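Nothing in this text is a laboratory measurement; each read-out follows from the coordinates by a stated rule. None of the values given here were measured: they were computed from a predicted structure. Here the Cβ positions follow ideal geometry from the backbone for every residue, glycine too, while neighbour counts run over all protein chains shown.
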Amino acid sequence: MTFKWTDELKQQVIADYQEREPTPENSMQIVQELADKIGATPNGVRIVLAKADVYVAVGAKKSEKKEAGEKKATGGTRVSKEAAHDALRSAIEKAGKPVNDEIISKLTGKAAQYFTELFN
């Protein structure tokens, strides 16, 4: 069974994450705890947080958190292949279409990001 994100759940995860005041040192631990709490994958949680421009990447300084939005506008952010595949699955499910994991697993990360943008 595939995890189902709702808008309310996304907002709750974002609020819970920000409430814990993430830093580069504790961000991964917070993501893992939130994922465990709701039964999602850490990458799925990370995608939601990254799309909301609140995710603090490991190794990033607090000032870089705000700059992430600027990098996104120029296409400079980097997403793992697995995270791109998770985002695509989520976008397909949100559109009410069936997910074919065999095909998605063969896509490159860039291709998955492209198709995710088309669905969104």
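Some observations on this one:
- Along region 31-43 the Karplus relation, 6.51 cos²θ - 1.76 cosθ + 1.60 evaluated at θ = phi - 60°, assigns HN-Hα couplings of 4, 4, 5, 5, 4, 4, 5, 9, x, 9, 7, x, 5 Hz to successive residues, with x for each Gly and Pro.
- For TYR55, the residues whose modelled amide H falls within less than 5 Å of its own, excluding neighbours fewer than 5 places apart on the same chain, are ALA50.
- Amide N of region 1-29 lying under 13 Å from the label point, which is placed 7 angstrom from the Cα of SER80 along Cα→Cβ: 28-29
- For ARG20, ARG89, ARG46, the sequence from fewest to most other C-beta atoms within 10 Å is ARG20, ARG89, ARG46.
- Evaluated at q = 0.17, 0.31 Å⁻¹: base-10 log I(q)/I(0), Debye formula over Cα of region 79-120: -0.34, -1.14
- If R0 is 35 Å, the Cβ-Cβ spacing of ASP16 and LYS110 corresponds to a FRET efficiency of close to 0.70.
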